[in-house]
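Scroll down for the structure; my scribbles are underneath it.
The numbers here are math on the coordinates, done by the rules we state, and not lab data. Every value quoted in this text rests on a predicted model; they were computed, and no experiment measured them. Note that we place each Cβ from the backbone using ideal geometry, even for glycine, and neighbour counts take in every protein chain shown.
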Amino acid sequence: MQTAWLIDQGHDYKSNQISIAGIKVMAAKVFHDIVQRAIHMHGALGVSDEMPLGHMWLYAVMMGIMDGPTEVHKATVAKTMLKNYKPAAGLFPSAHLIPRTQAARQKYEGQY
Ligand SMILES: Cc1cc2nc3c(=O)[nH]c(=O)nc-3n(C[C@H](O)[C@H](O)[C@H](O)COP(=O)(O)OP(=O)(O)OC[C@H]3O[C@@H](n4cnc5c(N)ncnc54)[C@H](O)[C@@H]3O)c2cc1C
């Protein structure tokens, strides 16, 4: 809803790419999970032709393929987000506790 609202405010699709790709991943997953639970709740009736749930379940699988597979949308989210970040220098992430502890020890050595 927020993404649709942002687009309605005149933002172009490009600037909402992360949200749009994310929605495509989540909508397929949410739909799949809901149908799966509804089928399970109905027991054998849920998987019979007497209910629309089997057809819905197949549609949930299709939602993860149509307009690009889920993997591609996930890659779009990851690439778009990572564009704004630089890898930390060295082998370990900048929040790695061992060098941070050593730096703190050096900084406060002899003060306490
Ligand atoms: C119900 C339905 C309606 C459709 N409507 C339209 C339409 O209106 N207009 C239109 O143009 N097309 C439409 N399509 C086509 C749809 O866009 C393509 O099926 C979709 O983009 C996937 O392409 P593909 O079938 O060639 O599968 P592939 O691209 O071969 O993908 C197969 C599988 O390979 C994997 N994969 C593919 N690429 C990557 C990647 N980069 N990274 C990791 N894994 C990957 C995924 O697991 C994926 O599920 C529709 C498809 C369906 C099912």
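Can you sort Tyr85, Tyr13 so the residue with the fewest Cβ neighbours within 10 Å comes first?
Going from sparsest to densest Cβ surroundings: Tyr85, Tyr13.
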I need the helices of the chain that pass two filters: whole DSSP H segments spanning 24 Å or more by Cα along the axis, and mean Kyte-Doolittle score no lower than -1.0.
17-42
Using alpha carbon positions and the Kirkwood radius, the Rg to Rh ratio of the range 2-108 is 1.24
Among Met63, Met41, Met81, residue whose mean-square fluctuation peaks in a GNM of the chain (springs only between Cα atoms under 10 Å)
Met41
Taking the number of other C-beta atoms within 10 Å as the exposure measure, put Ile34, Ile39, Ile98 in order starting with the fewest.
Ile98, Ile34, Ile39
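Would you list Asp33, Asp8 from fewest to most Cβ contacts within 10 Å?
Asp8, Asp33
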If the reach is capped at under 16 angstrom between alpha carbons, list the aspartates and glutamates near Lys79, excluding any in the same chain fewer than eight residues apart.
Glu71
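Provide the gained length on full extension for the span Val30 to Ala44, in nm with one decimal, where the gain is 0.36 nm per separating residue minus the Cα-Cα distance.
My answer for the length gained is 2.8 nm.
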Using only the alpha carbons, work out the radius of gyration and Dmax of the range 1-44 in angstrom.
15.2, 48
